[in-house]
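First up is the structure itself, then whatever we jot down about it.
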Amino acid sequence: MDTIKIGRFIAESRKALGFTQIQLATELSISDKTVSKWECGKGLPEVSLMLPLCEKLEVSVNDLLSGERVTVSDYQKKAEENMMNLMKENEENKKIFLVSVICGVITIIAVCALILLASYVEMPAIARILIIVFAIATAVLGIGAAIILDVKAGYFECPNCKELFVPTTSEYVKGYHTLTKRKLTCPKCGKSGMCKKRITK
Ligand SMILES: [Zn+2]
């Protein structure tokens, strides 16, 4: 917090309304020394005084803490920007997650089909071996791709501090996991635990 800037803003707002420090202090049932202290940037109003002070000065708490008037158009613009970014990110994550699931399903179907083919269809031994090798390669590539996509889609939530984070691929692969949770180390609090998969923030 820039107490100097906030102090100057309090003084300006007070003067703009034609109050003296004593008048403002009386309105708030505090001493004029306290008002003077704020205006010199030597301290912030305590929380219980914040709303009454803003009311008297006809500013918002956000204005006061910013040390300047934040315009309404800026507020809205900033809020909309944040919202759009969040929506875009969530949308992309959902798409990547879906592709990852499709990739996994196609891999499983393809590998099963190849194994059935190699098991039940009459063919020379060498063809059977080739099909099995091809099936293993498909499984490795397909599951690998599904994992990489899944790591990228969304976040894991730390059970301890609720931080959302994206693990490295190697950590992801190593981690013991259930269907929706995976044992990972949180980059924020450093604790490892069963982190829940979250597609959206
Ligand atoms: Zn954590």
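The table below gives the values:
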item	result
Net charge over other residues, Cβ less than 11 angstrom from the Cβ of residue 173 (K, R count +1; D, E count -1)	0
Convex hull volume per residue for the chain, taking Cα atoms only, in Å³	150
Longest to shortest principal axis, alpha-carbon extents of the range 87-198, angstrom	59, 29, 18
Value of [θ]222 nm, deg cm²/dmol, for the chain, DSSP H segments ≥ 4, -39500 (n - 2.57) each, nearest 500	-21500 deg cm²/dmol
Solitary cysteines of the chain, where the nearest other Cys Cβ is not under 4.7 Å	40, 54, 103, 112, 195
Hydrodynamic radius of the range 63-128 per Kirkwood, over alpha carbon pairs, in Å	17.0
15 Å reach of a label modelled at residue 191, 7 Å along Cα-to-Cβ, counting backbone N of the range 148-172	157-164
Debye, to nearest 20: dipole size of the range 87-198, +1 on Lys, Arg Cβ, -1 on Asp, Glu Cβ	500
Whole-Hz couplings from phi, Karplus 6.51/-1.76/1.60, listed for the range 136-145; x for Gly and Pro	5, 4, 4, 4, 4, 5, x, 5, x, 4
Relative pair counts by distance (%), Cα atoms of the range 3-66, 5 Å bins	4, 20, 35, 33, 9
Nitroxide proxy distance, nm - points 7 Å out along Cα→Cβ at residue 27 and residue 94	4.8
Vicinal HN-Hα couplings computed from phi for the range 21-31 (Karplus, 6.51 cos²θ - 1.76 cosθ + 1.60; Hz; Gly/Pro x)	4, 5, 4, 4, 4, 4, 4, 9, 6, 10, 7
Too-long pairs where the Cα-Cα distance tops 21 Å, listed order kept, from 5/33; 95/162; 95/191; 88/201; 162/188; 5/42	95/162; 95/191
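Coordinate-derived values only; no laboratory data. In this text, all values refer to a predicted model and were calculated from it rather than measured experimentally. Using ideal geometry, Cβ is built from the backbone for each residue, glycine included, and neighbour counts are taken over all protein chains shown.
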